[in-house]
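The values are calculated or read from the model by the stated rules, or taken from the named source; none is laboratory data. Keep in mind that this is a model prediction, so the values were computed, not measured. Here the Cβ is made from the backbone with ideal geometry for all residues, glycine too, and neighbour counts use every protein chain on show. In case anyone asks, the SASA skips ligands and DNA or RNA and just uses the protein heavy atoms, side chains included. Shrake-Rupley method; radii C 1.70, N 1.55, O 1.52, S 1.80 Å.
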Amino acid sequence: MIEKFILAGTIVFTLIVLIVIVRAIVARQSIIGHPSVPLPFFVLGKSLAFICVLFLPLRGLNVAIGRFYNPILAIDIAALFILYTGISILIIAAIQLNRNLIFGLSTSDSHSLQTRGLFSVSRHPFYMGFLIVVVSSSLLMPNVINIISLIVTWIIHHFVMINEEKHLQQQYGSEYKQYANRVNRYITLSAIKK
């Protein structure tokens, strides 16, 4: 039964990615900006994240590949909750970013600093949603390749976030600095309580 929910989540996740890509193509908008880390690391981070996501349909289809353990139902349910939380965050962040959604650094002056909604809780909600999906993949399919991919993906994306923040600081100056003082890179718990 869990497998059907995993497949459904994977389909929703795939549709989100396809909608973002198709929308950008139709609007003749670039969604690939200048990488904030050296290109090989940027490509490696995106590729390993993709590998993690590929483990989701494998688990959903009950493909037997080497796992450290077979997750018990409680871990499966928690991981499924984490998966759907990550997908929800991705959807909301993509809607909030609208035409500002770009992978890498924007060279456009038409982009604006996002500080409301999910961006009042996290400076990088899109990355957070994606990383949460990747964590759920490692819990649902605890394979050595998946877990190593998760760790390397997270490390690379951490540096991507740091370098994007430097770029935003240069682009928006004191407005970004004030925002960064209020909102944490990953999650601001005090913002959730409000």
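Do you know which residues across segment 20-33 are without any contact (Cβ under 8 Å) to a residue 60 or more places away in the chain, over 23 Å from residue 164 (Cα atoms) and not basic (Lys, Arg)?
22, 25, 26
Could you tell me whether any residue of segment 134-143 is in contact with a Pro (Cβ under 8 Å, 6 or more places away or on another chain) and open to solvent by less than 40 Å² (accessible area, probe 1.4 Å)?
yes
Being farther than 30 Å from residue 62 by Cβ and under 17 Å from the mean Cα position of the chain (by Cα) narrows it down to one residue among 124, 167; which is it? Break it down into steps so the answer makes sense when it comes.
Values: 167 fails: under 17 Å from the mean Cα position of the chain (by Cα).
Unique residue meeting the criteria: 124.
Suppose we filter segment 89-103 for residues that are open to solvent by 60 Å² or more (accessible area, probe 1.4 Å) and either in contact with a Leu (Cβ under 7 Å, 6 or more places away or on another chain) or among the small types (Gly, Ala, Ser) (or both); how many remain?
1
Taking segment 44-62, which residues are basic (Lys, Arg) and under 16 Å from residue 79 (Cα atoms)? Spell out the reasoning first.
Looking only at segment 44-62, we keep the residues that are basic (Lys, Arg), and these are 46, 59.
Within segment 44-62, just 59 meets the criteria.
Out of 38, 57, report the one residue that is open to solvent by 20 Å² or more (accessible area, probe 1.4 Å) and closer than 23 Å to residue 161 by Cβ.
38
Could you grab me the full set of residues in segment 110-125 that are under 19 Å from residue 169 (Cβ atoms) and aliphatic (A, V, I, L, M)?
If the condition is that a residue be under 19 Å from residue 169 (Cβ atoms) and aliphatic (A, V, I, L, M), then 113 is the only one that fits.
Can we say residue 17 is assigned to a helix (DSSP H, G or I) and open to solvent by 70 Å² or more (accessible area, probe 1.4 Å)?
No.
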